[in-house]
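The values are calculated or read from the model by the stated rules, or taken from the named source; none is laboratory data. The structure presented is a predicted model; accordingly, all values stated were derived computationally and were not measured. Cβ coordinates were reconstructed from backbone atoms using ideal geometry, including for glycine residues, and neighbour counts include every protein chain displayed. Remember, those area values only see protein heavy atoms, side chains included, never the ligands or the DNA or RNA. Shrake-Rupley method; radii C 1.70, N 1.55, O 1.52, S 1.80 Å.
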Amino acid sequence: MVQPLAFQPVRPAAPSAQNPSKGPLQTLVVIALAALSWILVGDWLAPLATVLLWAIWRFLRAREGPPVLALALSFQWAQVNAGVFYHGITGRPLEAISFSDYRPMVLIGMGCVLALLIGLRLALGRGTPPPDRQLPGKAFSAQALYLTYFGLLATVGAIHTVAWEIPVLTQGILALSFLRLVALYLILRRLSSTRIRWRPILVLLSIEVVLGFTGFFASFREPLMMLVLVILERFEPRRIQHWLMIGASACAIFFFGLLWLSIRTTYRSSFEIEAFAESRSARLEKVVSLSKGWFGSDFQGVVENLDFFVDRLWTVYYPALAVSRVPEVLPHENGRILGKAVRHVLMPRLLFPNKPVLPSDSEMVRKYSGIWVAGAEENTSIAFGYAAESYIDFGLPWMFLPILAFGFIMGRLYRFLLRLIWHRELAVGLVTVIFWLALYLFERSWIKTLGFSFTLMIYMGISVFVLDRVLMSRRSRRRRLLGFADRPEPVAVA
């Protein structure tokens with residue numbers, strides 16, 4: 001009989017306890033990996049990307065909870081460099097390589113990720129200091145946690161419906177719907193605290209994947225990433241089983257992403273039929289039917305789907321065209337784009353109900369890339385991204401300063417939220433969900449990045465803060481009634 005895989009919590013060693021001989025050895029390993037990437041890819045961008053990825057994981061270590069900041073920036077790193085590695089290894093043509101000068105934009109993208117890394121690192125310092133008081137670990141019983149999760153899961157559709165019917169509160173209500181991910185993360189974390197209990201984990205993730213595939217947008221990625229973060233929190237580099245679990249999780253995310261992009265266009269076209277849009281069973285049948293057809297594709301079809309997947313992930317084509325046109329054809333905007341984004345964030349719709357609706361990102365793509373792409377007329381928005389907007393606004397090298405400042409602010413907010421919430425599992429769950437959702441997309445515009453990030457922090461942060469204090473008040477009152485007022489309460493290890 002196969003024994004369950006055990007997980008033991010891993011606490012980063014203090015700097016004084018680290019082996020000094022690891023420094024030179026680690027440097028040699030990084031140099032060897034960079035050289036190997038150059039040999040395999042045949043492009044000098046590859047070793048630069050390799051060193052950047054190492055720096056992300058070297059300098060964004062988490063002292064409490066999973067390495068959510070490192071994983072989020074790694075996803076951005078993939079969006080900047082995926083095409084370089086894919087084309088170099090396979091030789092397959094990609095849109096950005098064939099029809100644009102992609103190298104300057106890849107370098108700019110890596111510079112943006114590096115600026116975020118530096119900003120976060122400066123804000124975090126030596127990491128989040130430990131709490132200055134004895135605090136409880138678990139906030140809920142297992143039964144209460146499951147009831148909370150399934151209650152939020154059952155009402156997510158109603159929450160979205162109500163959100164769109166109240167325009168002044170739409171973004172806030174939608175932000176609250178992500179509390180479901182906090183509950184899911186905490187459940188997965190408990191199911192992996194001493195050993196991984198795969199059966200309930202797979203049941204939960206299967207429900208999330210099915211619901212994600214039967215929506216208009218692909219919402220299955222975030223639940224899978226919650227599992228990856230849980231695994232990374234307990235990860236031990238010397239255990240081959242842990243590497244296999246990370247690899248299996250990455251393969252599952254890649255597989256579902258490839259499947260979704262392959263069937264998405266045909267699937268979404270059916271939403272024009274009202275009966276289809278209102279029936280989840282009809283949508284599930286459509287997904288199953290399209291999936292069967294995809295599984296029956298020949299090898300050439302699968303390769304073409306893979307090319308499309310990498311093209312979609314590697315979001316540098318339109319920004320690369322913009323970089324070649326600014327300032328030669330169009331002038332820099334001197335901060336107008338970022339200024340508009342900041343003004344939009346500082347004018348919440350609750351207080352300014354007549355605030356104009358956000359324009360489609362496609363309009364900026366059309367103007368600065370010089371290509372007519374699908375836009376609001378087709379109910380479509382083609383991503384442009386904060387990096388391209390920063391370049392258009394300020395040019396090199398000043399474009400990196402607002403990105404560094406944003407990273408610093410996010411790092412400070414990360415520290416603040418971790419210390420604000422007293423129940424440790426609530427604190428970790430909150431920052432994990434917020435900072436993954438806020439930081440993982442390279443293709444998101446400034447106005448959406450700032451608005452979405454701070455909306456999540458305000459609405460989710462306040463909700464969890466109130467819950468945390470209510471639970472703490474009840475806990476203190478119960479302890480006084482039981483006569484434990486003068487005894488310190490041990491911190492529960494999640």
**Asked** Heavy-atom accessible area per residue, segment 86-209, 1.4 Å probe: how many Å²?
**Response** 48
**Item:** Calculated P(r) of segment 274-368 - Cα pairs past 20 Å, %
**Value:** 67
**Prompt:** How much solvent-accessible surface does residue 307 expose, in Å² to the nearest 10, with a 1.4 Å probe and all protein chains in place?
**Reply:** 20
**Message:** For the full complex of protein chains and a 1.4 angstrom probe, list 164, 294, 422 by accessible area with the highest value first.
**Reply:** 164, 422, 294
**Hydrodynamic radius (Kirkwood) for the chain, which is based on Cα pairs only, to one decimal in Å** = 24.5
**Prompt:** Of 446, 337, 122, whose Cα points farthest to the positive end of the dipole of the chain (charges on the beta-carbon: +1 Lys, Arg; -1 Asp, Glu; origin at the Cα centre)?
**Reply:** 122
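Treating only the Cβ of Lys, Arg, Asp and Glu as charged (+1, +1, -1, -1), what charge dipole size does segment 40-152 show about its Cα centre? Round to the nearest 20 debye.
On the way: 9 positive and 5 negative charges, 91 e Å.
That gives a dipole near 440 debye.
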**Request:** Just tell me which lysines come within less than 21 Å, Cα to Cα, of residue 448; anything on the same chain fewer than 8 places away is out.
**Result:** 340, 355, 367
**Request:** Report, largest value first, the span of the C-alpha coordinates of segment 223-317 along each principal axis, in whole Å.
**Result:** 52, 32, 29
**Global form of segment 126-275, assessed from the alpha-carbon gyration tensor, a/c cut-off 1.5** = oblate
**Prompt:** Taking K and R as +1 and D and E as -1, what net charge do the other residues with C-beta under 15 Å from the C-beta of residue 202 add up to?
**Reply:** +2
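Evaluate Rg over Rh across segment 193-266, taking Cα atoms for both radii and Kirkwood's formula for Rh.
On the way: Rg = 13.6 Å, Rh = 13.3 Å.
Dividing the radius of gyration by the Kirkwood radius yields 1.02.
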**Message:** Please list, short to long, the whole-number percent of alpha-carbon pairs of segment 82-192 in consecutive 5 angstrom bins beginning at zero.
**Reply:** 2, 9, 10, 9, 8, 11, 12, 17, 13, 6, 3, 1
**Message:** Considering only protein heavy atoms and a probe of 1.4 Å, how much of the accessible area of the chain is carbon and sulfur, as a whole percent?
**Reply:** 65
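Can you work out the accessible area per residue across segment 362-405, with the rest of the protein chains kept in place, probe 1.4 Å, in square angstrom? Don't skip to the end; give the middle numbers.
Numbers: 2000 Å² over 44 residues.
Roughly 46 Å² per residue, with all protein chains present.
Could you report segment 256-322's accessible area per residue, 1.4 Å probe, as an integer in Å²?
53
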**Asked** Could you state the per residue volume, in Å³, of the convex hull enclosing the Cα atoms of segment 190-232?
**Response** 52
**Prompt:** For residue 195, which sequence-distant residues (separation of 5 or more, or a different chain) have an amide H within less than 5 Å of its own amide H, given hydrogens modelled in the peptide plane?
**Reply:** 7
